[in-house]
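One structure below.
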Amino acid sequence: MAMSPAAPAKLLSPASVPWEASATPMALLDRAAALRGVNPALQDWLAAPARRWAGVALAELDARPPQLSEAVLRAGNEGRRVRVREARLRSGTGDRVADVLLTPLDEQQLLLELWPLSGTTTSRASETLRGFAHELRGPLAGMRGAAQLLRRRVGSADLAALADLVVGEVDRLAALSARLLDNQASVQTRPVNIHAVLERVAALLGGSAPQLRVRHDYDPSLPAVHIDADRVQQALLNLAQNALEAGASELLLRTRVEHALRIEGSAARLILRVDLADDGRGIDAALADTLFEPMVSGRADGHGLGLAIAREIAREHGGDLLCASRPGATVFSLLLPLAP
């Protein structure tokens, strides 16, 4: 499919990149586009032992030549990361589809990363989030206890409602953390009113970011959508947080129904589109091609996980996450199939 450049890559020593132990399928390539090293995750994805691929030209894996060879050449010549979207590669069990990232490491080697689109390989976003989930359990328990104590001591009904909101959110995060630590990858869907989810997001924003004006533009005719409400709420909160970090003063929550859209190459008859439109600074053009990758952030103190996790949640539901941005007008569109 489309081949797109990303931001210039800082050249690294191959030894400094923990590619062999990564859960992401990775390989080392020479500048002639031959495989020189394959990690276990890629061996599993290709369904063949490492010796089968030693010295094999990347072109032999390319089911749509010459897009991968051209990407290697471009990455080497321009000294920057190149991404090939929805590349089709040959494996021991037939053709498989993945996004391919090629990053120059030094003058002789490149790093190849695969982002499978089939959902059979754990993404780096999930692996990183599991680490955070383990560390969060203690602080979450402390927050819940403090909120319950506050709930018993306050006399105001409004403050009591806020304390209940904190307890509810802590319980939701604790449940999400437990699911991640138990390695439960499947979503638990049920019919949900998406507007109720959005209203909860708005309530949370009202407590944490009172300076943000939240507006609504809902389609009242929308039917229930089959989703994991906690997961989708997390995705929406991540998108709202991105707007806050971009300096937004206003956020529009909008719902619409789209017909016959294509998501991940497949046509869906009926799609729910949830837009979060903000008036912040917009997305840096240099990040456009890597926006949804983990550890990519436009801020020096950013961890680069929020958008990656939001897109992962969308794809767990058979949907996707899109972005259109310019200064003063950024729209993230969460697409979710309306059929169960």
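Some values worked out for this structure:
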read-out: Other-chain or far-sequence residues with amide H under 5 Å of Ser91's (modelled H); value: Arg96
read-out: Largest to smallest principal axis extent of the C-alpha atoms in the range 67-116, angstrom; value: 34, 17, 16
read-out: Formal net charge of residues neighbouring Arg254 (Cβ-Cβ distance under 11 Å; K, R +1; D, E -1); value: 0
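Bear in mind these aren't lab numbers, they're just calculated from the coordinates by the rules spelled out. Small disclaimer: the values here were computed from a predicted structure and weren't measured. Heads up, the Cβs are rebuilt from the backbone with ideal geometry, glycines too, and the neighbour counts pull from every protein chain shown.
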